[in-house]
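First comes the structure, then the notes that go with it.
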Amino acid sequence: MLAEKVIPRWIAQQMTGIEWTDFSGNGWTVCTRMAASHGALSACEICYAATFAESRLGLEWGPSVPRHPFATFAERMRRIDRAALRLGLRFAIFCNSLSDWLDAEADPVMRGKLIDVVESCPNVNWLLLTHRPHLAKKLLPSSWRSAPPDNVWAGTTIEHPAHAFRWDQHAEYWGHTGRAWVSAEPLASSLAGIKFDGAAVIIMGGASNTRDPAWAFDSKWIEEGVEQWGEDRLFFKQHGVFRDGVYVGDKKKAGRDFAGRIYDNTPWPRHRDLLSQAA
Ligand code: SF4
């Protein structure tokens, strides 16, 4: 009852299903798939955003295709930011879940608008995720190089150990903030021995957008993660559509428990319990 009084229904209804954030928001969609390193798998091959944009929005996806802006993005984000201030709740927003904010083919004006929105919303935490950490220096404002906004948490996707080099590129730009993180989701192979020094959190999970058994998540990768990163730095999102090598077809059915536990830590606050009570 308390949550219903505190959280307006309109805002609760906008909560995303992505467990490590409260909301998602997109300045644009459409992107170009990145090739896998030799012998690896690339998450781009099974990109959920591409499937969504093609099947639900009727858009093309790939190189030289115009990126598709969302007209309501700025106003919606600013509304959530104002609500965060009013409620005293620092919401988390995963920005550009349907594209890559450091996609070099995205119109610079469009990226500039996204950056304006981020800078004009200081009351939320921004979670920005990229496959292209090497482009931060080139594409971001020079003022961000030494002092990015302190409510930006920048992550990079590492879905296979052959792509672990992205962490070094990412840490070179963001490491000094203490707010750099890794998304190892969907994960295609063990990350044993990869330390991710300085990462604030490693979000790990299995694929939910493919029947290809090459993407089946192996539960022992969770044990490896706990051992080498510590459970406080691990967020286990989901087994995916496979559980213990068996295709179950539904990530909710496969669950996110392991050995009776849920690994649910993020260094940024989330308010999903309050939001879901009010929805
Ligand atoms: S970089 Fe991200 S949004 Fe772009 S194709 Fe790859 S997985 Fe999809």
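Throughout, read-outs are computed from the coordinates displayed, never taken from laboratory work. For clarity, every value in this text was computed on a predicted model and none was experimentally measured. Reconstructed Cβ throughout: ideal geometry from the backbone, glycine too, with neighbour counts over all protein chains shown.
Backbone amide hydrogens, once placed in the peptide plane, bring CYS31 within less than 5 Å of GLY62, excluding anything fewer than 5 places away on its chain. Placing +1 on the Cβ of every Lys and Arg and -1 on the Cβ of every Asp and Glu, with nothing else charged, gives the chain a dipole about its Cα centre of roughly 760 debye.
The value of relative contact order for the chain, using C-alpha pairs under 8 Å at least six residues apart, is 19 percent. Reported value for the stretch 95-183: 93 Å³ per residue, from the convex hull of its C-alpha atoms. Karplus-based coupling profile of the stretch 266-279, in residue order and whole Hz: 10, x, 9, x, 10, 10, 5, 5, 4, 5, 6, 5, 8, 5, with θ = phi - 60° in 6.51 cos²θ - 1.76 cosθ + 1.60 and x standing for Gly or Pro.
In the chain, if the dipole is taken from +1 on Lys/Arg beta carbons and -1 on Asp/Glu beta carbons about the Cα centre, which of HIS170, PHE196, ALA50 is farthest to the positive end? Of the candidates, ALA50 comes out farthest on the positive side. In whole percents, the pair-distance distribution calculated for the chain from its alpha-carbon pairs, binned every 5 Å from zero, is 1, 6, 12, 17, 19, 19, 15, 9, 3, 0, 0. Please list, in chain and number order, the residues 5+ apart from ASN125 or on another chain whose amide H is under 5 Å from its amide H, with Hs placed from the backbone. Amide H neighbours of ASN125, under 5 Å, 5+ apart: PHE91, ALA92, ILE93. Computed from phi, the 3J(HN,Hα) profile of the stretch 175-192 under the Karplus parametrisation 6.51, -1.76, 1.60 (θ = phi - 60°) reads x, 5, 6, x, 10, 7, 8, 10, 10, 9, 8, x, 9, 10, 6, 4, 10, 4 Hz, with x in place of Gly and Pro. Packing around the peptides 27-38, 251-262, 79-90, taken as the average count of other Cβ atoms within 10 Å per residue, puts them in this order, highest first: 27-38, 79-90, 251-262.
In the stretch 13-122, the C-alpha radius of gyration followed by the widest Cα-Cα span (Dmax) gives 15.1, 50 angstrom.
Treating each Cα of the stretch 193-265 as an identical point scatterer and summing with the Debye formula, the log10 of I(q)/I(0) at q = 0.11, 0.16, 0.27 Å⁻¹ comes to -0.26, -0.53, -1.20. Working note: Karplus 6.51/-1.76/1.60 with θ = phi - 60° gives the stretch 148-154 the couplings x, x, 7, 9, 9, 10, 9 Hz, where Gly and Pro are set to x.
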